[in-house]
Amino acid sequence: MSNEESGELFLSHVEPVLAVKNVTETVEYWHQSLGFPDKWTWGEPPNHGGVSWQGVSIQFSQSPKLASVSQGNSIFIRVKTNLQTFYHFHKDKNAAIVEPLENKPWGLAGYTVRDINGYYVIFAGPPLISDQPKSEPTPEKVRIISRIPTGKEYFTLISAVGWDKQYDHSLTEKILEAPVHGVVAEHENQVIGCALLLSDEASFYYVKDVMVHPDWQGKHVGSMLMKELAAWLDCNAPVNAYVGLFTGENLAPFYKQFDFAPVFGMRRSVRRIENKKR
């Protein structure tokens with residue numbers, strides 16, 4: 001049954017419409033100075049227009065009176081990667097940067113540009129690596145072992161990292177039967193971390209469930225797990241096999257250490273209405 005037939009509602013994206021003094025000048029400013037590659041205008045002379053860059057689109061409506069009282073409002077734009085490159089690009093274009101690039105107390109880095117209509121455009125992304133807390137040394141007694149965690153060890157870890165809210169215990173056996181390889185971190189015979197690897201063993205590998213107990217985070221345990229997993233892939237995976245993973249933006253710098261690079265991706269969650277199974 002299609003989404004239309006089921007009656008589910010799916011949103012696409014949001015496009016703010018900003019009142020501006022002059023549509024043509026505003027579109028050119030966002031295109032030339034802020035770098036938005038796609039632009040359009042409507043009307044002769046233009047009284048409406050817009051710009052876009054990948055998934056971000058903004059429209060402009062010519063209304064000098066409304067624009068004059070709208071100055072100071074803000075637009076928050078999330079940048080997935082290369083925030084520093086954006087920042088230097090805007091500096092080179094002499095954009096009016098009113099707040100420099102820096103890590104913010106709410107866990108993101110960002111900077112603010114004031115556009116020609118007085119709107120504040122905030123570009124924000126993952127924290128700057130140089131300002132991250134330094135990790136503690138790894139205790140000598142931590143061992144990385146190539147094996148799949150037991151069901152009890154697995155549940156202990158997902159509970160510790162807070163992934164157990166929607167966990168279905170009945171699926172544990174299937175979850176742990178699926179990986180083609182796994183590694184665990186042990187300290188004094190206690191599992192304190194793990195990482196699993198799914199695959200068709202031909203062209204695709206997927207890294208999942210990279211977990212480190214909170215008491216051991218910041219002590220290089222995650223790095224040790226990923227190094228061991230990467231070494232296994234280099235020895236056992238076919239040449240040119242694709243290796244993927246999903247992660248939060250804040251962890252992108254961590255995975256880049258192991259030659260992972262950001263790419264565009266999409267995901268879908270399964271939603272099932274009871275008694276609608278085929």
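The values are calculated or read from the model by the stated rules, or taken from the named source; none is laboratory data. Everything quoted here is computed from the prediction, not taken from an experiment. With ideal geometry, Cβ positions are generated from the backbone for all residues, glycine too; neighbour counts draw on all protein chains shown. These area figures cover heavy atoms from the full protein model, side chains too; ligands, DNA and RNA do not enter into them. Shrake-Rupley method; radii C 1.70, N 1.55, O 1.52, S 1.80 Å.
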Quarter of the surface of the C-alpha convex hull for the chain, i.e. direction-averaged projected area in nm², equals 20.5
Rounded to the nearest 10 degrees, the helix 23-32 long axis (Cα) sits at an angle to the longest Cα principal axis of the chain of 40
For T85 and W42, extending 7 Å from Cα along the Cα-Cβ vector and measuring point to point gives, in nm, a value of 3.3
Counting only protein heavy atoms and leaving out ligands, DNA and RNA, the solvent-accessible surface of D215 at a 1.4 Å probe, in Å² to the nearest 10, equals 100
Sorted by chain and then number, the residues having a modelled amide H within less than 5 Å of the amide H of K104, at least 5 places away or on another chain, are A109, G110
For the chain, the longest principal axis of the Cα atoms and the Cα long axis of helix 83-92 enclose an angle in degrees, to the nearest 10, of 30
Heavy-atom accessible area per residue of the chain, all protein chains kept, 1.4 Å probe, expressed in Å², is 64
For segment 1-130, the dipole about the Cα centre with charges only on Cβ (Lys and Arg +1, Asp and Glu -1), to the nearest 20 debye, works out at 520
Share of Cα-Cα pairs in segment 57-97 beyond 16 Å, whole percent, is 58
Karplus ³J(HN,Hα) for segment 97-114 (6.51 cos²θ - 1.76 cosθ + 1.60, θ = phi - 60°; Hz, whole; x = Gly/Pro) runs 7, 9, 9, x, 5, 6, 6, 9, x, 8, x, 10, 9, x, 8, 10, 10, 9
Flagged as over-length at 19 Å C-alpha distance, from K80/K219; K174/K208; K21/K65; K80/K227; K152/K219; K80/K256, the pairs are K80/K219; K80/K227; K152/K219
Sorted by chain and then number, the residues having a modelled amide H within less than 5 Å of the amide H of Y119, at least 5 places away or on another chain, are G72
For the chain, the longest principal axis of the Cα atoms and the Cα long axis of helix 151-160 enclose an angle in degrees, to the nearest 10, of 30
Quick shape summary for segment 164-239, equivalent ellipsoid via Cα gyration tensor, semi-axes whole Å in descending order, reads 22, 19, 10
Under the helix-only model (-39500 (n - 2.57) for each DSSP H run of 4 or more, divided by the residues of the chain), the mean residue ellipticity at 222 nm, to 500 deg cm²/dmol, is -6500 deg cm²/dmol
Computed on Cα atoms, Rg of segment 111-217 relative to 2.2 N^0.38 Å comes out at 1.51
The answer for E99, listing residues at least 5 apart or on another chain whose modeled amide H is closer than 5 Å to its amide H, is T112
Toy charge model, Lys and Arg Cβ at +1, Asp and Glu Cβ at -1: the chain dipole around Cα centroid in debye, rounded to 20, equals 320
When the charge dipole of segment 179-278 is computed with +1 on Lys and Arg Cβ and -1 on Asp and Glu Cβ about the Cα centre, the Cα farthest towards its positive end, among G265, F254, V184, belongs to G265
